[in-house]
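Data first, discussion second: the structure below is written as structure tokens.
The values are calculated or read from the model by the stated rules, or taken from the named source; none is laboratory data. Keep in mind it's a predicted model, so treat the numbers as computed, not measured. All Cβ positions, glycine included, derive from the backbone under ideal geometry; neighbour counts span all protein chains shown.
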């Protein structure tokens, strides 16, 4: 019985989240990927068309990160992130990674990660 209750709670929560963001949903369209920076860790892109101002003064953006291969057997890894950014505090949190919601993500600083810094800088200057 507890498993059924947990499953119902999960599906109800998921439905609530989907409906909550329904007003922000748009049809799939062209993305405007801009390569922001490339370094030894990988490459970072920003979808300029995804920058949305949120009611609380934050913004939401879609980014793409290609992690460079760590050895010759690895092809690297491409990941998509939806980030919320507080431009005043220069903090961010990932709300979705590869389409999977990150419900318990916490606000954090970039910790001098130049790829995250460039996303924050470019996103905040464009909104």
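With respect to the numbered conditions (1) surrounded by 15 or more Cβ atoms within 10 Å (Cβ to Cβ); (2) at pLDDT 95 or above, which one is the sole condition not fulfilled by residue 107? Among (1) surrounded by 15 or more Cβ atoms within 10 Å (Cβ to Cβ); (2) at pLDDT 95 or above, the lone unmet condition for residue 107 is (1). Does residue 91 qualify as being touching a strand residue (DSSP E or B) at 6+ places or on another chain (Cβ under 7 Å), within 17 Å of residue 46 (Cα to Cα) and in contact (Cβ under 8 Å) with a residue 12 or more places away in the chain? So residue 91 fits the description; yes. Of everything listed in (1) assigned to a loop (DSSP other than H, G, I, E, B); (2) under 18 Å from residue 45 (Cα atoms); (3) out of contact with any strand residue (DSSP E or B) (no Cβ under 9 Å at 6 or more places or on another chain), the single unmet condition for residue 125 is (1). Consider residue 96 carefully, then state whether it is farther than 20 Å from residue 32 by Cβ, touching a strand residue (DSSP E or B) at 6+ places or on another chain (Cβ under 9 Å) and surrounded by 14 or more Cβ atoms within 10 Å (Cβ to Cβ). It is false that residue 96 is farther than 20 Å from residue 32 by Cβ, touching a strand residue (DSSP E or B) at 6+ places or on another chain (Cβ under 9 Å) and surrounded by 14 or more Cβ atoms within 10 Å (Cβ to Cβ).
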